[in-house]
Amino acid sequence: MSELHLWLRHETRTTERRTPVVPADAGRLVGSGVTLTVEESPQRIFPVEEYEAAGCRIVPAGSWTGAPPRAVVVGLKELPDEPAELRHRHVFFGHAYKEQPGARALLTRFAAGGGALFDLEYLVDEHGRRLAAFGHWAGYVGAALAVLHHRGRLTAPLRPTSKEELDEALRPVPGEDRLDALVIGALGRSGVGARAALAEAGAAPTCWDVAETRDLDRAALLAHELMVNTVLTTGPVTPFLTDKDLDEPGRRLRTVCDVTCDVGSPYNVLPVYDTVTDWTDPVRRLHERPVLDLVAIDNLPSLLPREASRDFSAALAPRLPAFASGGEWERCRDRFDETCRALGLTEG
Ligand SMILES: NC(=O)c1ccc[n+]([C@@H]2O[C@H](COP(=O)([O-])OP(=O)(O)OC[C@H]3O[C@@H](n4cnc5c(N)ncnc54)[C@H](O)[C@@H]3O)[C@@H](O)[C@H]2O)c1
């Protein structure tokens, strides 16, 4: 029997309906000998009864603070501001290793309590490739929102939905023109998701990845009506759009969805805007004549919580029984230790 005790916590953010472990995978974990405690959570897309039926012990929301010291607390997004000292090992997206706002404060809490962060963004294989990610559904939702806006069918504020409902809205109505769309980063997780949504909308998009943007054909790019950017850049790249392109009178491009949302980064390939959009105001007009509208939402997968959770859980849950026993978990832990040392929070 494994002695691993996982504690699936309630998410602090009220709009966050996703979970990193869905009930079906919870059942598999319990079946493999893992003890799984699940917190009640009013907004989680899967009712707590499904976890109970899968053999999990149910506890009140937020009770992880009193969990046994050996328990591993699993979540997705930020922790509440209290307690000041974090004693447990936590698995979630900490956004704490790139000098983000609040990063030092979070790591200081871990250092003070002797706990550790296993950041899901850094759960990678030996080649550095992410093992569990939400990219597919980010691309799917991003492209879908762009199409709906382009066709005058997007209603705000946005709210979490299902794939069935989204696809119903996406389907072209008779007489609607075929959409001239471009996906950049088309071979990646988000790119594949974007292509799937565009196919659902009746479009056969042009697909570009690294090979096609090396010598960027700006005129070809601007000749598409709609563009979805899903690239992951790790170094300087010639921007895909500049302010000059926005002024271009012959531009056909009318709608851009920036799934990447690298606003403020030196590697940003779309330096034509400086603030993301959100669920309340999903679209911003960047230019009037000719029109160019932007969708740049940085929490797209939360709009399809059921599908996004299922995919993520399918990737993460099979790796949990081997928690802290080398491989990807050790790499993850090393990253935490290195960052804390570099910040002078721990010695070494
Ligand atoms: N907005 C959101 O809610 C949201 C959610 C998840 C991920 N993301 C972001 O989406 C981006 C893509 O994530 P992913 O999981 O799909 O990454 P990925 O690594 O699976 O795919 C990225 C793709 O971009 C391509 N690429 C890199 N540089 C390029 C260039 N110069 N020209 C053309 N193609 C290039 C790569 O070859 C790869 O195919 C990341 O920046 C990620 O942080 C956003």
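Figures for the structure shown
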{"read-out": "Number of positions in segment 167-195 that are surrounded by fewer than 23 Cβ atoms within 10 Å (Cβ to Cβ), closer than 22 Å to ALA220 by Cβ and not aliphatic (A, V, I, L, M)", "value": "4"}
{"read-out": "Elements of type strands (runs of 3 or more DSSP E) contained in segment 52-116, each with 1 or more residues being in contact with a Leu (Cβ under 7 Å, 6 or more places away or on another chain)", "value": "72-74, 89-92"}
{"read-out": "Extreme residue, farthest from LEU29 (Cα to Cα), among residues of segment 68-122 that are loosely packed, with under 13 Cβ neighbours inside 10 Å and touching a strand residue (DSSP E or B) at 6+ places or on another chain (Cβ under 9 Å)", "value": "PRO68"}
{"read-out": "Residue within segment 56-70 that is in contact with a Ser or Thr (Cβ under 9 Å, 6 or more places away or on another chain), closer than 30 Å to GLU347 by Cβ and free of Cβ contacts under 8 Å to residues at least 40 places away in the same chain present", "value": "no"}
{"read-out": "Residue that is surrounded by the fewest Cβ atoms within 10 Å (Cβ to Cβ), among those in segment 204-250 that are modelled with pLDDT under 95 and hydroxyl-bearing (Ser, Thr, Tyr)", "value": "THR234"}
{"read-out": "Filter result (in contact with a helix residue (DSSP H, G or I) (Cβ under 9 Å, 6 or more places away or on another chain), within 14 Å of the ligand (Cβ to nearest atom) and of a type in the set (Asp, Glu)) within segment 248-297", "value": "ASP258"}
{"read-out": "Complete set of residues in segment 236-247 that are away from the ligand (no atom under 16 Å from the Cβ) and either in contact (Cβ under 8 Å) with a residue 40 or more places away in the chain or outside the structural domain of GLU212 (by TED's automatic domain parsing) (or both)", "value": "LEU246, ASP247"}
{"read-out": "Checklist (1) within 27 Å of VAL291 (Cβ to Cβ); (2) in contact (Cβ under 8 Å) with a residue 60 or more places away in the chain; (3) of a type outside the set (Lys, Arg) applied to ALA132, failing item", "value": "(1)"}
{"read-out": "Any hit, segment 189-202, residues being within 15 Å of the ligand (Cβ to nearest atom) and not in a helix (DSSP H, G or I)", "value": "no"}
{"read-out": "Flag if THR233 is free of Cβ contacts under 8 Å to residues at least 40 places away in the same chain, β-branched (Val, Ile, Thr), in a loop (DSSP other than H, G, I, E, B) and within 9 Å of the ligand (Cβ to nearest atom)", "value": "yes"}
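The values are calculated or read from the model by the stated rules, or taken from the named source; none is laboratory data. Here the structure is a predicted model, which is why all the values come from computation and not from measurement. Neighbour counts are summed over all protein chains in view; Cβ atoms, including those assigned to glycine, are modelled from backbone coordinates with ideal geometry.
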